[in-house]
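The values are calculated or read from the model by the stated rules, or taken from the named source; none is laboratory data. Everything numeric here is computed off the predicted structure, so don't read it as measured data. Heads up, the Cβs are rebuilt from the backbone with ideal geometry, glycines too, and the neighbour counts pull from every protein chain shown.
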Amino acid sequence: MSSKKNRKYTLVDFFSGYFENIGSLTLVNLIFCLPLTIILSIMFFLNNTGINNIFVSFLLIPLMSPFSGGLFYICKKTVREEKISPLRDFLYGIRLNALYFFLDSVIVYVIVIGLYISFSYYRTGLEGMIMIVSFIFSLIFLLFIISFQNNIMTMIVSVKLNFGEILKNSVLMVMGGFFYQIKNILSFSLIAIIMYSVCVFAGNIFVIAVVLIIPIFLFLPVFSCYIIVFNTYQPIEKQVIIPYENEYSKTSDPVSSISSGEDLDELEKLSKGDPDEFVFYKGKMIKRRTVRRILEVHKNS
């Protein structure tokens, strides 16, 4: 899709993209659930041995962050209508994005603990109008953080910027892409309502366990990730990728940008990887295949 400029992403695109790749996405979901199960088992063991506090419980966030990088990378390729190789692409996504996803998870870890403590304090330490105002501000901050994080995770797997640039662009895009984030929030609210309703009407602990566990293993993590990427990638493509592509296409002689051995070394490094990925070179967003073309022309010149 990214090659089709100004493409309108529709509900048909959303479902066709998912169901055309449902076999591969289900396999990726099962692969993702393997480390998730192991980590949850370890945390359950720690809980039974008395090591149980919010700092330990929320360690799931940084521990699962590298695998989330693989999941988001797969979903990005699905949204862009690129061919998926489940295990290979999942492992490549982990290797390519693990560091940035871990750095982001540390930020999320601190924020989540802060919000947990804040909400607990508001529930017990404040009363009346002060409690309501504080709760409203906390809710607004929570919505900002959700939008901010969705932007970060999708941008990490979509463009090759340093982490500071990703954070800056993610903040700037909170408002620019807020309509799409509302779609994310409404989608997850609907999923939560459906699952909660089924659990309430079931009235049986076994049925409730099935309702919660089977979706997690079969589709829920990858489907949730796919929703985030599908909605968040659109403003990133419009505001970050396409403008840089347009700017670069105006360059009459891209080979002339190679002015030193350092430039050549940088291009050699950027050329390695998925040819359809975007990388950042001299203030411009270009695809790796373009980098390879520049190198090829340079070597033949």
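Annotations
- VAL112 vs. criteria in a helix (DSSP H, G or I), within 20 Å of the chain's Cα centre (by Cα) and more than 28 Å from TYR9 (Cα to Cα): yes
- Residues located in region 131-175, provided they are without any contact (Cβ under 8 Å) to a residue 24 or more places away in the chain and crowded, with 20+ Cβ neighbours inside 10 Å: SER170
- Qualifying residues in region 45-60 (those that are part of a helix (DSSP H, G or I) and exposed (fewer than 11 other Cβ atoms within 10 Å of the Cβ)) - the one modelled with the lowest pLDDT: ASN48
- Region 175-194, subset at pLDDT below 85 and in a helix (DSSP H, G or I), residue nearest to ILE38 (Cα to Cα): PHE178
- Verdict on ILE214 being at pLDDT 75 or above, assigned by TED's automatic domain parsing to the domain that holds CYS33 and either closer than 29 Å to ILE31 by Cα or not in a loop (DSSP other than H, G, I, E, B) (or both): yes
- If you go through region 152-167 and keep only what is part of a loop (DSSP other than H, G, I, E, B) and of a type outside the set (Val, Ile, Thr), you end up with LYS160, LEU161, ASN162.
- For region 71-112, a residue qualifies if it is small (Gly, Ala, Ser) and buried (at least 17 other Cβ atoms within 10 Å of the Cβ), and the qualifying residues are GLY93, SER105.
- Filter pass, LEU267 being surrounded by 13 or more Cβ atoms within 10 Å (Cβ to Cβ) and either at pLDDT 80 or above or more than 28 Å from LEU30 (Cβ to Cβ) (or both): yes
- Residue in region 29-44 that is surrounded by the most Cβ atoms within 10 Å (Cβ to Cβ), counting only those that are farther than 13 Å from PRO86 by Cβ and β-branched (Val, Ile, Thr): ILE39
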